[in-house]
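Working notes, structure below.
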Amino acid sequence: MAVVDRKSRIAIVGGGLVGSLAGCFFAKRGHSVSIYEYRADIRVEDYRGQSIDLALSVRGREALRAVGLEEVLIDRHGIAMRGRMIHKKDGTLKEIVYDSVKGNCIYSVSRRYLNVVLLNAAEKYPDVSLHFNKKVVDADLDRGKLKILDTKTETIEEMEADLIIGADGAYSTIRRTMAKKPLFNCSQTYIEHGYVELFVPVGKNNEYAMSGEHLHIWPREEFMMIALPNDDHTFTGNIFAPFATLDKLKTPQQLLNFYEEQFPDLLELIGREKLVDDYFERKPKTLISIKCKPYHYGKTTLIVGDAAHAMVPFYAQGMNAGFEDILLLDDLMERYDSDFSKILPKFTELRCDDAHAICDLAMYNYVEMRDLVTRKSFLLRRHLDTFLHRQIPNTWIPLYSTVHFSRMKFRDCIANREWQDKILRRIAWCTVFLIIALMMAPVIEVYTTKGVLY
Ligand code: FAD
């Protein structure tokens, strides 16, 4: 790995998951890093973020491995989930294993734990400084200057950097500043569904109340519940539903009636009182998807993670893709010897289309999770994919595996799936023609033997 001769001053806006990871990578290459985080230090003050659990897969793991953190997170803390466990209304269960050929899993990790590990890791580098309660309120991108509000003293300070990294999440101030510049395109979409976080307590004998090796899903077509295992044997769940549905759950009784009808098994596990307390403690949250281009401005500014490509959470790739951004950035630092005038445009060129692709896939997967997983056609396709993957593992890789268990470019994951669809369609047509031909054979034989065709 090339350590730079000339140190650059890097200002990272946002000390969340992607910002703190980026800090480690820049510091490893010998740059001087300052991270400005709006919140208080989560290592000393309590904070509840947007979701408690996250599913970590290969793209995220590779980034963590590169800074020596994969083992800490996976071996000591992550909980392997080997498949989906589908809960039908009548209480029956159906397991859909993610990868029955190679046994790959995704891992449930706590957002807070992950962020703490990353902040600690960043802080270990001598040239990294962390600044909490610092909200970046404006930026002069041409000069690489930031205006920062100290939320404790309510004073404004300014700082200057060679490179500004906007890792300040879906509602990024840095992206907003870039949007004032020419040729910056950006679109945002709120879906009409929101979510509320809920909790399944520890089961009997201090064990998990359901299998601790699965991501649990209660698909109900228009809406769904999911739950991920925690290492204290509880589960963190989310109900995702149209706001029109959530708005109807105004009183405890309405909520309980809804759960009795839709998720009776889960209601048993959560308990009526706890469900009511947890549900009404907080308001349903919104879900946003953001696509923009370019990701850089000149040689002074780059946005990464949710700031560049926030997505709905249904492919569990927001953080993973954000971590992969940093892997790509690091590859480019190696290739261009930390010359940011070359690195930043290349990053845009290599990443935008891919990130747009995973935003689209994430939208698609909501329909798959809440509806398609229960359909026979979906299950038939899963079986076919698994069969072909087992026969020709390097040629036939199902979509879910390319996204979660490989570093294939997201755009290529979609192209690969389209190619598979085409092959299967052709096989289906050939089969239909063959069946028709076999059915017609006796008729043709009668005609030809009687000489009718001549
Ligand atoms: P954030 O985590 O949002 O961090 C941004 C940081 O910047 C925050 O700490 C914020 O305080 C700070 N900040 C904001 N503005 C400023 C400012 N002006 N000045 C200074 N600091 C600022 N992804 C997965 O890969 N797997 C999953 O299973 C998964 N599940 C999810 C479930 C839900 C319900 C949701 C909503 C998301 C999920 N995601 C998942 C997506 C994942 O949470 C995000 O992609 C990830 O948090 C992005 O990290 P980030 O660092 O880019 O942004």
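Read-outs: derived from the displayed coordinates by stated rules, not from any lab. As the structure is a prediction and not an experimental result, all values here were calculated from the model. Ideal geometry is used to build each Cβ from the backbone, glycine not excepted, and the neighbour counts take in all protein chains shown.
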Practice task
Can you give me the number of residues within segment 380-426 that are outside any loop (DSSP other than H, G, I, E, B), of a type in the set (A, V, I, L, M, F, W, C) and within 16 Å of residue 317 (Cβ to Cβ)?
Solution key: 5
Practice task
Just give me the residues in segment 199-214 being part of a loop (DSSP other than H, G, I, E, B) and in contact with a strand residue (DSSP E or B) (Cβ under 8 Å, 6 or more places away or on another chain), in sequence order.
Solution key: 208, 209, 210, 211, 212, 213
Exercise for the section: Tell me, yes or no, whether segment 87-104 has at least one residue that is within 16 Å of the ligand (Cβ to nearest atom), crowded, with 18+ Cβ neighbours inside 10 Å and among the hydrophobic types (A, V, I, L, M, F, W, C). Expected result: no
Practice task
State whether the residues of segment 185-201 include one that is over 30 Å from residue 99 (Cα atoms), surrounded by fewer than 16 Cβ atoms within 10 Å (Cβ to Cβ) and aromatic (Phe, Trp, Tyr).
Solution key: yes
Completion exercise
Of those in segment 134-162 that are more than 12 Å from the ligand (Cβ to nearest atom) and of a type in the set (A, V, I, L, M, F, W, C), the residue surrounded by the fewest Cβ atoms within 10 Å (Cβ to Cβ) is 156
Exercise for the section: Among the candidates 373, 367, single out the residue that is touching a residue at least 12 places away in the same chain (Cβ under 8 Å) and β-branched (Val, Ile, Thr). Expected result: 373
Handout entry: Cβ-Cβ under 7 Å pairs, at least 6 apart or on other chains, segment 21-40 side under 17 Å from residue 162 (Cα atoms) and touching a residue at least 60 places away in the same chain (Cβ under 8 Å), far side basic (Lys, Arg) and part of a strand (DSSP E or B)
Key = 32/9; 36/134
Exercise for the section: Any residue in segment 105-119 that's closer than 12 Å to residue 41 by Cα and in contact (Cβ under 8 Å) with a residue 12 or more places away in the chain: show its pairings with residues that are within 10 Å of the ligand (Cβ to nearest atom) and part of a helix (DSSP H, G or I) at Cβ separation under 7 Å, as long as the two are six or more apart or on different chains. Expected result: 115/17; 115/20; 119/20
Problem - Yes/no for residue 79 being under 22 Å from the mean Cα position of the chain (by Cα), more than 21 Å from residue 169 (Cβ to Cβ) and among the hydrophobic types (A, V, I, L, M, F, W, C) - result: yes
Handout entry: Close pairs (7 angstrom Cβ cut-off, 6 or more residues apart or separate chains): within 20 Å of residue 370 (Cα to Cα) in segment 184-203, acidic (Asp, Glu) and away from the ligand (no atom under 12 Å from the Cβ) anywhere
Key = 198/278; 199/278
Problem - Qualifying residue in segment 163-174 (condition: within 13 Å of the ligand (Cβ to nearest atom) and either more than 25 Å from the chain's Cα centre (by Cα) or part of a helix (DSSP H, G or I) (or both)) - result: yes
